[in-house]
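To start, the structure under review is shown below, and the notes come after it.
Bear in mind these aren't lab numbers, they're just calculated from the coordinates by the rules spelled out. Quick caveat, the model's predicted, so the values are computed rather than measured. Here the Cβ is made from the backbone with ideal geometry for all residues, glycine too, and neighbour counts use every protein chain on show.
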Amino acid sequence: MAEERYYLHGILLPGGTLISQLEDHSGGANSEELVGYSSGHIHPLFRATRSQKPGVTFSSTAVGQILTYLLAGSDNYMRDLSSGNTDVEYRQGKSQAFRYATSDSNNERLRLTKAFLSWDTISASQDQDATISCRLVGLYDTGTGNAPITQVGTGILTGTPAVDAFYTLGPIKLNGSWLESDIEWSLSSGITYEEGGSSGLIYPTYGGGQALDQVLSLTRRGKPWGGLSSLGTTISSLDFYLRKKAVDNQGNVADGTAQHIKFTATNGAILPDTVTGAGNNPIQNASRIGLRASSGSTDPLTISVASAIA
């Protein structure tokens with residue numbers, strides 16, 4: 001019996017976008033099992049699948065590519081993928097060599113025909129690559145009867161692996177002043193998800209977001225609590241960036257070049273969280289910036305994937 005190996009090739013989205021800068025991924029059926037016992041009997045006498053909520057979670061360094069794809073949809077956070085197939089592609093390893101060709105029929109795919117893509121967190125820290133964590137949620141298609149995720153079997157892999165760009169920690173401007181000594185931040189979309197089925201089906205027939213709660217968690221060196229009072233400070237303007245890395249040992253792309261990622265907010269508050277440190281290590285200050293919308297028709301967060309740092 002031949003032993004097989006498969007390697008993650010990429011995630012192919014409708015329209016032909018291939019995400020191949022993947023740090024990790026996890027695709028699961030997410031089953032809830034029904035286990036039945038008769039009265040007084042110690043062993044189960046019945047097993048069945050009560051429900052499944054199939055999906056794929058992944059993290060990627062292709063922050064700009066993914067945000068560009070999402071921004072082409074209806075909002076900053078989520079995009080409907082039902083315009084085409086979404087394939088998680090796997091390339092077969094070749095014994096006594098490296099990989100089978102992408103054109104070889106030995107390769108495999110998991111397919112979502114009715115799904116959406118969203119991001120949960122974007123993170124950056126000093127001297128590290130920025131990452132974005134995302135999820136693909138599959139839904140049951142009542143029109144076709146397709147399961148949320150299916151193994152479509154062997155086939156040719158579509159899309160050419162490429163490195164879109166790398167980003168790292170950028171500066172933060174709060175209420176018109178640049179913050180100093182920031183060493184990491186994490187932006188949470190705060191999406192509350194809803195998935196549900198109907199008519200006794202085991203798969204979800206509805207999926208989407210119920211609400212958002214965008215929060216920027218920030219770690220800095222410097223004064224205890226970052227010089228904040230316990231009640232924090234109201235924000236009137238907030239700009240924070242991801243710096244784009246220049247290829248071939250050129251450091252960072254120049255600040256004045258419009259290739260960096262910029263996040264902007266104008267309403268919310270920054271609150272101190274914790275101060276940590278001991279011995280000969282400098283203290284670190286954690287704080288949270290909770291964002292809010294200025295009205296019922298605005299988004300508290302604006303994202304640009306082609307901005308100068310200014």
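In the Gaussian network model of the chain, springs joining C-alpha atoms below 10 Å, which of Leu13, Leu231, Leu216 carries the largest mean-square fluctuation? Result: Leu231 has the largest fluctuation of those listed.
Could you size up the charge dipole of the range 6-307 around its Cα centre, putting +1 on the beta carbon of Lys and Arg and -1 on that of Asp and Glu, and report it in debye to the nearest 20?
100 debye
Straight-line reach from Lys53: taking Cα to Cα under 26 Å and skipping same-chain neighbours fewer than 8 places apart, the lysines in range are Lys114. Using only alpha-carbon positions in the range 1-132, the gyration tensor eigenvalues give semi-axes of 32, 24, 16 Å once each is multiplied by 5 and square-rooted (largest first). Model label points for Leu271 and Leu45, set 7 angstrom from Cα along the Cα-to-Cβ axis, are 5.4 nm apart.
For the chain, calculate the relative contact order in percent as a whole number, restricting contacts to Cα pairs under 8 Å that are 6 or more residues apart.
On the way: 778 pairs, mean separation 46.0, N = 310.
RCO, the chain: 15 percent.
Ranking Thr102, Ile11, Ala72 by Cα position along the charge dipole of the chain, where only Lys, Arg, Asp and Glu carry charges on their C-beta atoms, puts Ala72 farthest toward the positive end.
Who wins for biggest fluctuation among Ser83, Ser295, Ser105 in a Gaussian network model of the chain, springs between alpha carbons below 10 Å? Largest GNM mean-square fluctuation: Ser295. Per residue, the convex hull spanned by the Cα atoms of the range 70-163 amounts to 143 cubic angstrom.
Taking a straight Cα-Cα cut-off under 28 Å and skipping sequence neighbours fewer than 8 places away in the same chain, the lysines within cross-link reach of Lys244 are Lys173, Lys262.
Within the straight-line cut-off of under 15 Å between alpha carbons, the aspartates and glutamates reachable from Lys245 are Asp127, Asp129, Asp164, Asp255, sequence neighbours fewer than 8 places apart in one chain being disregarded.
The shape of the range 201-302 comes out oblate: with a ≥ b ≥ c from the C-alpha gyration tensor, a/c is at least 1.5 while a/b does not beat b/c. Note: the range 114-200, Cα convex hull, 178 Å³ per residue.
Which shape class, rounded, prolate or oblate, goes with the chain when its Cα gyration tensor gives a ≥ b ≥ c as root eigenvalues, a/c under 1.5 marks rounded, and past that a/b bigger than b/c marks prolate? Verdict is prolate for the chain. Which Cα, out of Val63, Thr144, Ala48, lies furthest along the positive dipole direction of the chain (beta carbon charges, K/R +1, D/E -1)? It is Val63.
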